[in-house]
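The block underneath contains the structure these notes are about, expressed in structure tokens.
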Amino acid sequence: MKCAMVTLAASLIFVTTAVSQDLPPEVLLLSRVKRHTKEELERLPNISCLETVHRDYQPARGKLRPLDTVRLEVFTSGDKELFASPGDRRFSERHPMSYAGSGTLGDGFFGLYLKDILVNGRVSYAYKGEEAIGGRRLARWDYRLPLMWSGQIIRLPEGSGTVGLHGSFWAEPQTGDVIRLEVNGDDFPPTLPITEAAWNINYERTALGDNAVVLIPRSGEFRMVKFSGETSHNGIEFTHCRVFGAQSAIDFDAPDSAEHTPSFGVVSIDDTLRPLPGGLQIAVKLRSRISADMAVGALITGVVAGKVSGKGAVVIVAGSPVRGRIRLLERYADPFPHFVVALEFTEVELQGIRYLFYADLVEVESAPGVEQTLSTPSETEEVNLLFGGRRVSRSWETLSIPRLPGVAIFFFKGSKLELPQDFRTVWKTRVLAP
């Protein structure tokens, strides 16, 4: 009997292998991407990130203009997202809108959409081939999650309702990592007065410590258009991400009112990163070699270039170690070879105590190839119908990148990237308080 069982198992393995070899390569790749995504979400540790949201608003028949900037701390383990004011250590299940007061804010960027689209099933897929995004060749699929299987609910003061989802995602064929996800709402119910709701999320593999390298969102967008023509847009960036030790508690005794809403709370037991005083000017010299062959998310190190004083006393001594990661490293060939580079510093250590590096960039040292802005040529053609002539005029468009706390973003002109190890940046700390 034992021999028969072994023979049967061998036969099943043979049949499964034979069937898999007959499947198209894109079907096998999709199966691997889905399996890999499920594994990534299951092993995602408790992490917290600083979320910076640049909000724009366009009234009906008006122009899109900046509204404000919202900063929150988000805590997640992949199953749900909890929020707090920056520097606070009690997280709540309340929607991030409760911290902003008005306007629109999107959520669900840390895996909720990945789980619905690539793990939970009920989704149809169509392979669209490979595309170049950010200097990488990525495999693209279009998908649709019908309304009857979707759990996506949009809530507005004017009404709410469940919507269907469709869009695209791009994955790295070698690793199976999903790098970009686009989500569009559809089948809006009459109770929901909108014509468009769309989310874009960019993911990256990020080192959060010695033993944690995980796939988390780097940036995202949310756009919503109402029947009236009002448009809300969120540009979202995630920085200062770290593994977060926490204990959870649910308060069932609080009265159910607007001021006391029962909610899931998380209290931090990770006090290893302390805040620095605001207003300190810190010069950092890079110690890691930065080149084009490095991976986004890789850990980098630097040192404080000179003593940092505050209120007449030395607060940080020269040589104190600074740590962070490569946040962005994209290669472009047009209109000329260049890179977009972002170095994110997250902590500084002083006498064995780690402090949160929460600071605004003041200056990037001049170095060969390094540019804060990039001017690109733009040609326009004008037609003179009266005389049958044409005139081509050339202008220059200046590109710049929004700044984020703790992040040095710049362009590097050339086809080969090599930053000197003593590359210097200057920062000014800001107060991190709830």
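The values are calculated or read from the model by the stated rules, or taken from the named source; none is laboratory data. Because the structure is predicted, anything quoted here is derived from the model rather than measured. Cβ: placed from backbone, ideal geometry, glycine included. Neighbour counts: every protein chain shown. Areas reflect the complete protein model, heavy atoms only, side chains present, ligands, DNA and RNA absent. Shrake-Rupley method; radii C 1.70, N 1.55, O 1.52, S 1.80 Å.
For Ser228, the criteria (1) touching a strand residue (DSSP E or B) at 6+ places or on another chain (Cβ under 7 Å); (2) assigned to a loop (DSSP other than H, G, I, E, B) hold in every case but one, which is (1). Restricting attention to the stretch 342-366, the residues being more than 15 Å from Leu208 (Cα to Cα), touching a residue at least 24 places away in the same chain (Cβ under 8 Å) and surrounded by fewer than 23 Cβ atoms within 10 Å (Cβ to Cβ) number 11.
For (1) farther than 23 Å from Ala367 by Cα; (2) at pLDDT below 85; (3) part of a strand (DSSP E or B), each residue gets a yes or a no:
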| residue | (1), (2), (3) |
| --- | --- |
| Ser257 | yes, yes, no |
| Ile282 | no, no, yes |
| Val303 | no, no, yes |
| Ala318 | no, no, no |
| Val322 | no, no, yes |
| Glu330 | no, yes, yes |
| Glu347 | yes, no, yes |
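Scanning the stretch 50-62 for residues that are open to solvent by less than 20 Å² (accessible area, probe 1.4 Å) and outside any strand (DSSP E or B) yields a total of 0. Total residues in the stretch 63-98 satisfying the condition of being open to solvent by 30 Å² or more (accessible area, probe 1.4 Å), closer than 22 Å to Leu112 by Cα and either at pLDDT 70 or above or under 16 Å from the mean Cα position of the chain (by Cα) (or both): the figure is 8.
So that you can scan it fast, the table gives a plain yes or no per residue for (1) within 27 Å of the chain's Cα centre (by Cα); (2) among the aliphatic types (A, V, I, L, M); (3) within 28 Å of Glu204 (Cα to Cα):
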site	(1), (2), (3)
Ala283	yes, yes, yes
Ala298	yes, yes, yes
Ala313	no, yes, no
Ser320	no, no, no
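Being modelled with pLDDT under 85, buried (at least 17 other Cβ atoms within 10 Å of the Cβ) and within 25 Å of the chain's Cα centre (by Cα): is that true of Phe244 here? Here the answer is yes, as Phe244 does meet what is asked. Taken over the stretch 173-182, residues that are under 13 Å from Trp141 (Cβ atoms) and either assigned to a strand (DSSP E or B) or open to solvent by 10 Å² or more (accessible area, probe 1.4 Å) (or both) amount to 6. Among the residues making up the stretch 325-339, those that are hydrophobic (A, V, I, L, M, F, W, C) and under 18 Å from Ser288 (Cβ atoms) are Ile326, Leu328, Leu329, Phe339.
Assess whether Leu147 counts as being buried (at least 21 other Cβ atoms within 10 Å of the Cβ) and either out of contact with any Leu (no Cβ under 6 Å at 6 or more places or on another chain) or within 20 Å of Asp107 (Cα to Cα) (or both). No: the conditions fail for Leu147.
Once the stretch 146-166 is narrowed to residues that are under 17 Å from Asn184 (Cβ atoms) and assigned to a loop (DSSP other than H, G, I, E, B), the residue that is nearest to the chain's Cα centre (by Cα) is Gln152. For the stretch 284-301, a residue qualifies if it is open to solvent by less than 50 Å² (accessible area, probe 1.4 Å), assigned to a strand (DSSP E or B) and β-branched (Val, Ile, Thr), and the qualifying residues are Val284, Ile290, Ile300.
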